[in-house]
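Below: the structure, in structure tokens.
Computed from the coordinates by the stated procedures, all read-outs in this text should not be read as laboratory data. Values in this document were obtained by computation on a predicted structure and should not be read as measured data. Here the Cβ is made from the backbone with ideal geometry for all residues, glycine too, and neighbour counts use every protein chain on show.
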Amino acid sequence: MGNPTRHKPSRSFSLFPGVPEACAQLAAAGYLLVVATNQPDVGRGDQSQAVVEAMHTRLRELVPAIARIEVCYAPGRGETPPDRRRKPEPGMVFDAAAALGLDLKRSWMVGDRWRDIDCGRRAGLRTVFIDFGYDEELHAAPDYTVKSFVEAAGIILAQS
């Protein structure tokens, strides 16, 4: 049997500096902020959904500008066909756009993984890649590459 505390809900995490303020600036400029997140560990049984939901609750407390959180719990093990909501598929983006009445031609995808950029491209969004130096190659070229979310927000605001 594994560690019994492993699946205990936890809300402990921290944000990068300036993220709440940058999100507030984007919201003040009229952007509706959506988090689209793959959580395959839940689908694989390695993480409880309660832990993820507790983290999302805490995220909304720290960043009240977030309008919606879209989550895909599919395990991501080469399902055929792939889950329409699991990035790089654009299903979460399309679902959020339908729920919130978003104009995708005026929308952006900001992310730090190739799946984020591919998802944004497939949905017809402009993309900003936050390069944290992960050991993975991008599949599609982003519109912009930056080193922080604050920098990404600056680009989006400058393009508004």
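Scan the stretch 77-105 for residues that are free of Cβ contacts under 8 Å to residues at least 40 places away in the same chain and more than 15 Å from ARG126 (Cα to Cα) and the total you get is 15. Of the residues making up the stretch 55-81, those that are out of contact with any strand residue (DSSP E or B) (no Cβ under 6 Å at 6 or more places or on another chain) and of a type in the set (Asp, Glu) number 2.
Note on the stretch 122-160: among residues that are crowded, with 19+ Cβ neighbours inside 10 Å and touching a Ser or Thr at 6+ places or on another chain (Cβ under 6 Å), the one that is nearest to ALA98 (Cα to Cα) is LEU125. Of ALA140, ALA74, all but one fail to be touching an Asp or Glu at 6+ places or on another chain (Cβ under 6 Å) and closer than 23 Å to ASP41 by Cβ; the exception is ALA74. In the stretch 67-86, the count of residues that are basic (Lys, Arg) and buried (at least 19 other Cβ atoms within 10 Å of the Cβ) is one or more.
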